[in-house]
1. In the range 105-141, which residues are assigned to a helix (DSSP H, G or I) and within 23 Å of LEU154 (Cβ to Cβ)?
2. Out of the residues in the range 47-89 that are among the small types (Gly, Ala, Ser) and modelled with pLDDT under 90, state the one that is most open to solvent (accessible area, probe 1.4 Å).
3. Go through the range 136-162 and report how many residues are surrounded by 16 or more Cβ atoms within 10 Å (Cβ to Cβ), at pLDDT below 90 and of a type in the set (Val, Ile, Thr).
4. Which of the residues belonging to the range 132-169 are among the aliphatic types (A, V, I, L, M) and in contact with a His (Cβ under 7 Å, 6 or more places away or on another chain)?
5. Being surrounded by fewer than 21 Cβ atoms within 10 Å (Cβ to Cβ) and at pLDDT 75 or above is true for just one of ILE92, ILE111. Which residue is that?
6. Is it the case, given these coordinates, that GLY102 is in a loop (DSSP other than H, G, I, E, B), at pLDDT below 85 and not aromatic (Phe, Trp, Tyr)?
7. Of the residues SER14, SER27, SER3, which single one is modelled with pLDDT under 90, over 14 Å from the mean Cα position of the chain (by Cα), within 26 Å of LYS124 (Cβ to Cβ) and of a type in the set (Ser, Thr, Tyr)?
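The values are calculated or read from the model by the stated rules, or taken from the named source; none is laboratory data. Computed from a prediction, not measured in an experiment: that's the story for all the values here. Note that we place each Cβ from the backbone using ideal geometry, even for glycine, and neighbour counts take in every protein chain shown. Note: accessible area is taken over every heavy atom of the protein model, side chains too, but ligands, DNA and RNA are not part of it. Shrake-Rupley method; radii C 1.70, N 1.55, O 1.52, S 1.80 Å.
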Amino acid sequence: MNSKNNTKFHMTMSLNVLNHLGMNLYSNVPSVLSEAIANSYDSDATEVDITITNDKVIIKDNGCGMTDKEINSKYLHVGYQRRKMGEAVTPIHNRLVMGRKGIGKLSLFSIANTIELHSFKEGKINSLKMTKDEIKRQITSNHGTYYPEEIESLSIKKGTTIIIYEFKKNINGTNSFLKRRLARRFSVIGKKYNFIV
């Protein structure tokens, strides 16, 4: 069991928030992946690469990445609202941010049990793993606090990579469906907007 003494990452929320705003937020893979891509856009990424295999999805961007402090204060802060924190426009490309409610990252658990996050910033890679079952267990036993597991980092030199696996259902056939859904959801994809997926 992770504890406050041996991990640098933490997330606080109620089980009710996790169940209603995370686990049950979406029912299909394209909608969930759209949330992750929106996070890449908001991080000033110009390229997002999505790899889908039978057992995992890898979303890799070349955005600004996050320090361990930013992972805790922003990514793991459920309900973090960038607009209210004076971050309605991105610092590099002056994009209006897409994220609104700060709960999109929880939507990943509506399709899978395990999420890895690897993020590079200021010369350092920060990596963690979150599992749905462990989140539920720790939130119940730790008075609403979850301590993600710090893991060995991928060798990345820019941006953030998210690996999603242990899916609830088969994701075969997602590729073509995802392309259509993304084209409809993101009118900002293309060279004109300096954002390629």
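1. LYS105, LEU106, SER107, LEU108, PHE109, LYS132, GLU134, ILE135
2. Step by step, filter the range 47-89, then rank; the result is GLY86.
3. The qualifying residues number 1.
4. Answer for the range 132-169, where residues must be among the aliphatic types (A, V, I, L, M) and in contact with a His (Cβ under 7 Å, 6 or more places away or on another chain): LEU154, ILE156.
5. ILE92
6. When the stated conditions are applied, GLY102 passes them.
7. Every option except SER3 fails the conditions.
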